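Asks: Please read through the structure below; I'll follow up with questions.
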Amino acid sequence: MRWENIHIAAVGTWLPEPVAVEAAVRSGELTPERCEVFGYRSVLVAPEGIAPPDMAVHAAETALKRSGVAPKEFGLLLHGSLWFQGLDVWPVGSYIAQRTVGRTVPALDVQQRCNIGVGGIELAASHLAAGARGSAVMLTTADRWDGPGVNRWSLHEDHVYGDGATAMVLSRHGGFARLLSTATVADNSLEAMARGDEPFHPVSPAAHTPLDLTRRSRQYKDGHDEDEAALRHARVMLQAKVKALAAARMPSSQLARVVIPATGRRKGDYQLHHLLGVEERQTTWAYGRTTGHIGGGDLAAGLAHLVETDGVRPGDRVLLFGGGSGFTCTTAVLEITEVPRWT
């Protein structure tokens, strides 16, 4: 989808201090083999006493201040997360909206796993392009991975989870980047990779049974062709990239930077940047390896890092590359129009 007059007005983050992965290796929480394969140097770990909704509020307050957009201009708030937000059966988005953009702004909790960071951009752009209420949308993410329900170091077989919250303001009235295009591609037959053969439960077992995504993934692989599943994943990712670039009317060679999920490296020499056809130096992996995978927040955090460290200049084209189990992949192409003063 090609977009006109949709802008990124600001990004904001709430990110805790990093913990060196060597500490987890010494404690036995992370094996030396996984540490070497993943390539992380540190992982963000939130202190005791703060819950994801408040983390999101802090990130949204930063983005709101940086954007210069008045709360009355907002017509929607979207909040995405992967895990527990502090209470069950509770409207997290409404809590965040009340404390940032106002009590009358509609707020929706949106779930598409790690893809919400970019998928939410497409949803927000659709809302704005439709001329619906307001000229701006706030998109937030937040997660905190804490025991006893989860163990961040072994929860997933492909990466380690970090804590953090992000916020992004999209506006029809300008910003530091122009949204050129988005594309979403899905293969819903791959949802079983996140389910395994685990039966549905009448009530949540989370209170007494730690979540184990690694076990589910291995159950899936035991009964399916692993190479075929990998090919289907790759097909979805490549189609999302190709469609977004085609809608933006530009070749891959014009991309200055690519913001990728901080999902760790894979065994062997073939990595995500190879699939995307770019150099690793063009990606945000050098930053992502210091944060761990903060879920849907990887993309806003990566973009904020580029802006705050002079990693982009006016005229640069940037690809945001998201993906989430299901499997759904959304990509977005931005053009940096100015270096914001808040840097």
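The values are calculated or read from the model by the stated rules, or taken from the named source; none is laboratory data. The structure displayed is predicted, hence computed values, not measured ones. A quick note on method: Cβ atoms are made from the backbone with ideal geometry, for glycine too, and the neighbour counts reach across all protein chains shown. For the accessible areas, the whole protein counts, side chains as well, though only heavy atoms, and no ligand, DNA or RNA atoms are used. Shrake-Rupley method; radii C 1.70, N 1.55, O 1.52, S 1.80 Å.
Asks: Got a number for residues in the range 306-343 being hydroxyl-bearing (Ser, Thr, Tyr), under 30 Å from ALA186 (Cβ atoms) and out of contact with any strand residue (DSSP E or B) (no Cβ under 6 Å at 6 or more places or on another chain)?
Replies: Number satisfying all stated conditions: 1.
Asks: While we're on this one: Look at the range 254-286 and say how many of its residues are touching a strand residue (DSSP E or B) at 6+ places or on another chain (Cβ under 9 Å), at pLDDT 95 or above and not in a loop (DSSP other than H, G, I, E, B).
Replies: Within the range 254-286, residues that are touching a strand residue (DSSP E or B) at 6+ places or on another chain (Cβ under 9 Å), at pLDDT 95 or above and not in a loop (DSSP other than H, G, I, E, B) number 8.
Asks: A follow-up question, please. Can you tell me how many residues within the range 22-58 are in contact with a strand residue (DSSP E or B) (Cβ under 6 Å, 6 or more places away or on another chain) and either open to solvent by 70 Å² or more (accessible area, probe 1.4 Å) or not in a loop (DSSP other than H, G, I, E, B) (or both)?
Replies: So the count comes out to 7.
Asks: Could you tell me whether any residue of the range 66-73 is touching a Pro at 6+ places or on another chain (Cβ under 7 Å) and open to solvent by less than 30 Å² (accessible area, probe 1.4 Å)?
Replies: no
Asks: Taking the range 130-145 as the region of interest, how many residues are over 19 Å from SER67 (Cα atoms) and either among the hydrophobic types (A, V, I, L, M, F, W, C) or touching a residue at least 24 places away in the same chain (Cβ under 8 Å) (or both)?
Replies: Count: 6.
Asks: Restricting attention to the range 81-91, does a residue exist that is farther than 30 Å from ALA246 by Cα, of a type in the set (D, E, K, R), open to solvent by 50 Å² or more (accessible area, probe 1.4 Å) and touching a residue at least 40 places away in the same chain (Cβ under 8 Å)?
Replies: yes
Asks: Looking at the range 1-39 only, could you name the residues that are modelled with pLDDT under 95 and within 30 Å of ARG317 (Cα to Cα)?
Replies: MET1, PHE38, GLY39
Asks: Residue check, ILE116 against (1) of a type in the set (A, V, I, L, M, F, W, C); (2) modelled with pLDDT under 95; (3) open to solvent by 10 Å² or more (accessible area, probe 1.4 Å); (4) in contact with a His (Cβ under 9 Å, 6 or more places away or on another chain), all met but one. Which one?
Replies: Unmet for ILE116, out of (1) of a type in the set (A, V, I, L, M, F, W, C); (2) modelled with pLDDT under 95; (3) open to solvent by 10 Å² or more (accessible area, probe 1.4 Å); (4) in contact with a His (Cβ under 9 Å, 6 or more places away or on another chain): (3).
Asks: While we're looking at this one, here's another question. Please enumerate the residues belonging to the range 127-184 that are polar (S, T, N, Q), more than 19 Å from the chain's Cα centre (by Cα) and at pLDDT 95 or above.
Replies: Within the range 127-184, SER135, SER171 qualify.
Asks: Determine if the range 200-217 includes at least one residue that is of a type in the set (Phe, Trp, Tyr), at pLDDT below 95 and not in a loop (DSSP other than H, G, I, E, B).
Replies: For the range 200-217, residues of a type in the set (Phe, Trp, Tyr), at pLDDT below 95 and not in a loop (DSSP other than H, G, I, E, B): absent.
Asks: Among (1) part of a loop (DSSP other than H, G, I, E, B); (2) open to solvent by less than 30 Å² (accessible area, probe 1.4 Å); (3) modelled with pLDDT under 90; (4) closer than 25 Å to ILE6 by Cβ, there is one condition VAL236 misses while meeting the rest; what is its number?
Replies: Every listed condition holds for VAL236 apart from (1).
Asks: Here's a follow-up. Collect the residues in the range 312-335 that are over 18 Å from the mean Cα position of the chain (by Cα) and either closer than 16 Å to ALA244 by Cβ or surrounded by fewer than 19 Cβ atoms within 10 Å (Cβ to Cβ) (or both), keeping them in residue-number order.
Replies: ARG313, PRO314, GLY315, ASP316, ARG317, GLU335
Asks: So which residues in the range 81-122 are among the aliphatic types (A, V, I, L, M) and not in a helix (DSSP H, G or I)?
Replies: LEU82, LEU87, VAL89, VAL101, VAL105, ALA107, LEU108, VAL110
Asks: Across the range 96-112, which residue is nearest to the chain's Cα centre (by Cα) among those that are of a type outside the set (A, V, I, L, M) and open to solvent by less than 80 Å² (accessible area, probe 1.4 Å)?
Replies: Among those that are of a type outside the set (A, V, I, L, M) and open to solvent by less than 80 Å² (accessible area, probe 1.4 Å), it is GLN112.
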